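The values are calculated or read from the model by the stated rules, or taken from the named source; none is laboratory data. Computed from a predicted structure; not experimentally measured. Please note: Cβ atoms are built from the backbone with ideal geometry, for glycine as well, and neighbour counts cover all protein chains shown. Note: areas computed on protein heavy atoms with side chains; ligands, DNA, RNA excluded. Shrake-Rupley method; radii C 1.70, N 1.55, O 1.52, S 1.80 Å.
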Amino acid sequence: MTHRKYALILTCDRPELLQRCFDAIAPQVDLTVIVDNGLEVPVVDQLGLSPHILIRAWDKPPNLSKFWNRGIEGVVYQAQRARCDTWDVAFLCDDAIVHPGWFQEVAEPMRALGATAGSTHSAVPVTYPILKTEKDSDIWNRMCPWAFVMQGEAGIRADEDLKWWWGDTHMDFTARGAGGMVIAPGAVVQNEKLGEYTNIYSHLAEQAGRDGETFAAKWGGRPW
């Protein structure tokens with residue numbers, strides 16, 4: 001059975017952070033797919049990123065879920081080329097700098113417990129895996145929004161109606177209903193620019209509010 005490990009990074013005009021994000025995850029995976037929503041000159045052309053696959057995403061205002069799905073399409077193509085039976089995909093924002101061994105720390109218990117998604121805790125390390133198979137209102141123990149891993153062959157996709165916020169929660173809850181989501185032991189992945197674009201651009205803050213309403217309509221309410 002052939003198994004591959006991939007990383008998928010969303011980036012927009014933050015070359016130094018992208019370089020750090022890439023350098024941290026690249027040794028842990030077979031290939032990295034980068035979805036660039038930045039300037040006309042792709043940011044990866046300014047950096048020494050290899051091996052990678054670049055996907056340009058021109059949409060303004062941005063639709064993060066659409067970008068995730070475009071990246072997933074790129075990963076699936078690579079997995080099919082490699083004739084993979086199974087593959088795991090790390091989903092990362094460019095401001096998430098993972099520690100050495102993070103991918104394996106998450107993927108191993110995810111596979112062992114039959115879950116389809118997982119992450120380390122977003123705030124404090126845990127000492128044992130926490131498996132969730134149903135949606136809940138426990139914001140403390142949810143999937144880390146900026147750094148998580150999913151079973152590629154499970155076929156989970158982002159909801160493109162959720163353009164800026166709540167897309168990660170949709171993927172979290174979808175995974176719970178398709179085998180589970182696990183919070184794995186291991187160090188917290190720091191988000192170096194948490195909420196930066198939402199705080200800077202009012203139209204993105206407004207979109208986040210609309211996304212909350214969309215999520216509530218689809219899932220029967222907001223969990224937090």
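From 104, 78, which residue is under 30 Å from residue 59 (Cα atoms) and either touching a residue at least 60 places away in the same chain (Cβ under 8 Å) or of a type in the set (A, V, I, L, M) (or both)? Spell out how you get there, then give the answer.
Working: 104 fails: under 30 Å from residue 59 (Cα atoms).
Just one listed residue meets the conditions, 78.
Do any residues in the range 160-182 that are of a type in the set (D, E, K, R) have Cβ atoms under 6 Å from those of residues that are open to solvent by less than 10 Å² (accessible area, probe 1.4 Å), where the two are at least six apart or on different chains, and which pairs are they?
Hits for this filter: 160/65; 172/143; 172/181.
May I ask you to list the residues in the range 174-189 that are in contact with a helix residue (DSSP H, G or I) (Cβ under 7 Å, 6 or more places away or on another chain), closer than 20 Å to residue 219 by Cβ and either open to solvent by less than 10 Å² (accessible area, probe 1.4 Å) or of a type in the set (Val, Ile, Thr) (or both)?
181
Could you count how many residues in the range 100-134 are basic (Lys, Arg) and either open to solvent by 50 Å² or more (accessible area, probe 1.4 Å) or on the phi > 0 side of the Ramachandran plot (or both)?
We begin by selecting, within the range 100-134, every residue basic (Lys, Arg); these are 111, 132.
Among the residues that remain, those that are also either open to solvent by 50 Å² or more (accessible area, probe 1.4 Å) or on the phi > 0 side of the Ramachandran plot (or both) are: 111.
Residues that pass the stated criteria total 1.
I'd like to verify a number: residues in the range 164-190 that are farther than 11 Å from residue 115 by Cβ, of a type outside the set (Asp, Glu) and part of a helix (DSSP H, G or I), how many?
Total meeting the criteria: 6.
Just for the range 141-164: of the residues that are more than 19 Å from residue 103 (Cα to Cα) and among the charged types (D, E, K, R), which one is least open to solvent (accessible area, probe 1.4 Å)?
Within the range 141-164, the match that is least open to solvent (accessible area, probe 1.4 Å) is 159.
Based on what the data block shows, is residue 63 out of contact with any strand residue (DSSP E or B) (no Cβ under 9 Å at 6 or more places or on another chain) and open to solvent by less than 70 Å² (accessible area, probe 1.4 Å)? Spell out how you get there, then give the answer.
Details: out of contact with any strand residue (DSSP E or B) (no Cβ under 9 Å at 6 or more places or on another chain): yes; open to solvent by less than 70 Å² (accessible area, probe 1.4 Å): yes.
In short, yes.
Among the numbered conditions (1) outside any loop (DSSP other than H, G, I, E, B); (2) at pLDDT below 95; (3) in contact with a Lys or Arg (Cβ under 7 Å, 6 or more places away or on another chain); (4) acidic (Asp, Glu), tell me where residue 59 comes up short.
(1)
Filter the range 111-151 down to residues that are touching a Gly at 6+ places or on another chain (Cβ under 7 Å) and assigned to a loop (DSSP other than H, G, I, E, B), then give me how many there are.
So in the range 111-151, the residues touching a Gly at 6+ places or on another chain (Cβ under 7 Å) come out as 113-116, 120, 125, 131-133, 148-149.
Remaining after also requiring assigned to a loop (DSSP other than H, G, I, E, B): 113-116, 125, 133.
Looking only at that region, the number is 6.
Can you work out which of the residues in the range 194-224 that are of a type in the set (D, E, K, R) and surrounded by 15 or more Cβ atoms within 10 Å (Cβ to Cβ) is nearest to residue 97 (Cα to Cα)?
Within the range 194-224, the subset of a type in the set (D, E, K, R) is 196, 206, 210-211, 213, 218, 222.
Filter once more, keeping what is surrounded by 15 or more Cβ atoms within 10 Å (Cβ to Cβ): 210-211.
On the way: 210: 29, 211: 26 Å.
Checked the range 194-224; the qualifying residue nearest to residue 97 (Cα to Cα) is 211.
Any idea how many residues of the range 1-35 are among the hydroxyl-bearing types (Ser, Thr, Tyr), in a strand (DSSP E or B) and either in contact (Cβ under 8 Å) with a residue 60 or more places away in the chain or open to solvent by 20 Å² or more (accessible area, probe 1.4 Å) (or both)? Reasoning before the result, please.
First pass over the range 1-35, keeping only residues among the hydroxyl-bearing types (Ser, Thr, Tyr): 2, 6, 11, 32.
Those left that are additionally in a strand (DSSP E or B): 6, 11, 32.
Within this subset, residues satisfying the condition of being either in contact (Cβ under 8 Å) with a residue 60 or more places away in the chain or open to solvent by 20 Å² or more (accessible area, probe 1.4 Å) (or both) are 6, 11.
The number of residues fulfilling the criteria is 2.
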